1. Could we say that A:Ala261 is at pLDDT below 90, over 20 Å from A:Ile238 (Cβ atoms) and of a type in the set (A, V, I, L, M, F, W, C) here?
2. What is the one condition in (1) closer than 21 Å to A:Ile191 by Cβ; (2) at the interface with chain B (Cβ under 7 Å from one of its Cβ atoms) that A:Val84 does not satisfy?
3. Which numbered condition in (1) more than 30 Å from A:Arg186 (Cβ to Cβ); (2) within 12 Å of chain B (Cβ to nearest Cβ) is the only one that A:Asn15 fails?
4. Quick check on the stretch B:188-246: of everything there that is within 26 Å of B:Ile109 (Cα to Cα) and outside any helix (DSSP H, G or I), which residue is farthest from the chain's Cα centre (by Cα)?
5. Count, please, the residues in the stretch B:485-497 that happen to be β-branched (Val, Ile, Thr) and modelled with pLDDT of 90 or more.
6. Filter the stretch B:348-362 down to the residues that are closer than 18 Å to B:Gly527 by Cα and part of a helix (DSSP H, G or I), then identify the one that is farthest from the chain's Cα centre (by Cα).
7. Go through the stretch A:48-68 and give me each residue that's within 9 Å of chain B (Cβ to nearest Cβ), surrounded by fewer than 22 Cβ atoms within 10 Å (Cβ to Cβ) and either touching a residue at least 24 places away in the same chain (Cβ under 8 Å) or not β-branched (Val, Ile, Thr) (or both).
8. Is it fair to say A:Leu127 is within 23 Å of A:Asp178 (Cβ to Cβ), assigned to a loop (DSSP other than H, G, I, E, B) and away from chain B (no Cβ under 14 Å)?
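The values are calculated or read from the model by the stated rules, or taken from the named source; none is laboratory data. Predicted model only: the values in this text are computed from it and were never measured. Backbone-built Cβ (ideal geometry, glycine too); neighbour counts: all protein chains shown.
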Amino acid sequence: MARLSLDHVTKSFANFDAVKDVSIDVADGEFLAVLGPSGCGKTTLLRLVAGFEKVTSGAIRIGSDVVSSSVGSVAPEKRRVGIVFQNYALWPHMTVAENIGYSLKVAKLDKTVARQKVEDALALVNLQGLGQRRPANLSGGQRQRVALARCLVAAPSLVLFDEPLANLDVHLRASMEDEFAAFHKRTGTTIVYITHDQAEAMALADRIAVMDHGRVAQLATPRELYHEPANEMVASFISQGILLPADVLTGEDGGHCKVRALGTELVVRCRPGERPRAGAKICCRSADLDVSPHGPGFDGLVKRVIYQGGAARIEFTPAAGPDLTLHFEQPDPVTLESGAQARLRIRSGWLIPVGTAS
Amino acid sequence: MSTRIRESRGQEMALTAAVTIVIVLLSLLPMLRLIKEIVAPGGTLSTVAIEAGLRSPATWIATWHTLVVGIGGTLLAVLSGTLVAVLVSLTDIRGRSALVLCYVMPLMIAPQVTALAWLQLFGPASPFLKLFGAAPPLGTKNPLYSTSGIILLLGVQYGPLVFLLVRAGLRKLPRELVEAARAGGAGRFTVLVTIVLPLMTPSIMAAAALAFVSCVGNFGIPAFLGIPANYLVLPTLIYQKLAGGGPAVLGETAFLSVLIGVIAMAGILAQELMSRRRDYRISSTSLPAEPYELGRWRPVVQAGMWLLIVLVLFLPLFGLVLTSLVPGYGIALTAKTATLDNYRFVLFEHDAANRAFFNSFWLSIAAAFFAVVVAVPVGYLIAWGRQRWVRLLNLAVELPYALPGVVLAIASLLLFLRPIPLTGIQLYNTVWIILYAYFARFLVLALRPTISGYHQIDRALEEAAQVAGAGLFTRMRTIIFPLVAPAAIAGGLLIFMTALSELTVSALLWSSGSETIGVVMFSFEQGGDSNYAAAMSVITVAVTFVLMLVTNLLAPYLPSGVLPWRD
């Protein structure tokens, strides 16, 4: 088990920066998810930590050792990290047991000890008795478990997951998610988990680093990411947040302030110390919106109604902001129709802090 | 920490250094030595060697002949190879795998064996023609001892080469391009002429260039067919000069071999220029086009194809077998005269033939083994290496095989004429110089399939071993080699088949005691003992056949295209 810290890490390829000035501290035993759209630099980040890529500037420490800096780089085989690859990367010419025991063999461990460790690892991932199979004869979920066992057996100080569920079908994903969570709880290993799937990241991670264009847009707990996004990118990326232009009318008081958005005044949550300003943005979730035919609110046009079983997703354009599209769910009985006029109310929201817009 | 960093790079550096040294020794050194002989004979810059070469009328005649048979053979190969490729790839002809196997077979047979087989078929002593009483009277000139004979056989030998490249191109042709033309109102023939063939220009050009280089550098066919008619091309001129003059004429032959190299390079450059004139890139990928239905023409086309295969493969081999069974020149083959004496003679009685079988077998095994062992690390650096310059190594490895074999043979002679400096080891006039030339020439035959093997392997397999703590050499041994081994070993088997009856290089490098099968076959034929030469040929062809069958067992584990005869 060890701490991982990235200190102002930048990785440049020929003419662009794949990773820009990233600083992350992962505590011993923490489960960190790195989340982002494809091309955001998350895979490069993993390869930097593993040592397959060399940093352009900055430093990476595992435990107390500097493993990557602009001076040099410890080879991947000397870092004692485990990786679970997206496509498992099981060696087809070896049996399951040989795959799992490979790192022990390389380390020239005593054979009987090694055999026992392989058995233990197989038991840990519920694959007892499959040691003599070939990877080709396993199902997708079984292969994933072999990959997990292979990286466990050497007791790595840090385990990296590279989109491990991307190749599995939906049902298998849920059960593997449970297994990963159980595995983390049991072993207490420090984990860095790369994914583009928010639900996966939210379900598993202690903290999530959202990446965008090579930078860390926000590093926070799942709850904080959802409720208090640090900038517009995170606000709109996480759970399809709705961004609305707003003017801040009052200073922060007890974590709230008054703003005017879409012509109506409302109270939203905010960071301490916010002052009145114009041109701000608030983020609200579809759950924060509801229909209020007669109360306070704002009028607009129902653009589309998409029935999704039990509820409908409504796309709505406010009269005060014809370029905006708000979406929310109306449970059955669905009363809105496309083309109809309606009145909505924003119950709550979050004021995006100033200066951290991406 | 810095010591850990240095340690981890060490194995990679050692590997790169070792690979570089091997390639410099095998590829760059002989080529540089050859060029030095031309521009600075005796150590000082001068144009003496070039002038002397240019003054000699024999040079010009042989150059002219080389161009005539080179261009003629290429044209014939391109026409026949493209036609067969179009028929096999685009129509609903039946028995495709068998056709491909049989049509490509001549490529696996040494050129001098092809030459011998055809000579036996049409000569006045032909046991085949005698079966029908149709043989011309003894003393009549064999019609193949001529320019057109050489062109015909070069076309037969290298048509399959063109076929393979054009077929690979046709397979990548997206069906939408054909279907769009059909939808636009074009008939099948119009589509072929206006869409398919124009898009195949790069494949056909590349095939033509390869066929040209092979025709120009071919030694076996002009040696068997041209020397008796005193029709000399550059490779046979070099052979005759060396056979008559020994090391004294090495400078002169060096000039001639560079001349062949230049002609071959000119062919490749011409292809580059032609291909650049228009944009032939195919951007999309999709399923291949639906085959053209031949309808009632199908039996006719199929019969035509099989007739072609009987003519270029079965008949010559049949003639070869008949000749090997005849007790002596000109005797008709009957149940009474048929004998296995020729086989007994070459296998057990003739000393040089005995030595030749022994030498060729171990040389081929050594060359194949060496190439497999070297191709794995070289392929690793070329396919997965990070340094750009390493890819230049690929070009360097291609050179000794891309250039005609005569060029490498002369370069090896120049390199080892004197004992190796510092050690005093003498390779000249020993079997070791042939081994050196085989190493250099055939390495690329194992390297190419190995590289395509690497491209099919997910690099994560190596990275997984790396994070498991395995250093480069451990990964090489336990992960990488097992994964690319089928491709590398298939390459090794190809090398064995090619080297077993190789003639071009060994004809110039052999000495008494280091004869190869090709050399002894050639000297039997030159001495008029065609029956012995035929017996040796039949043995090598049989060995090749068996090896092809063995290699087929590897097929499921190989990238497509590694085994030329597999469809």
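1. When the stated conditions are applied, A:Ala261 does not pass them.
2. The number of the failed condition is (2).
3. Condition not satisfied by A:Asn15: (2).
4. Step by step, filter the stretch B:188-246, then rank; the result is B:Asn230.
5. Residues that pass the stated criteria total 1.
6. The selected residue is B:Glu349.
7. Listed by number, the residues that qualify are A:Phe52, A:Asp65.
8. yes
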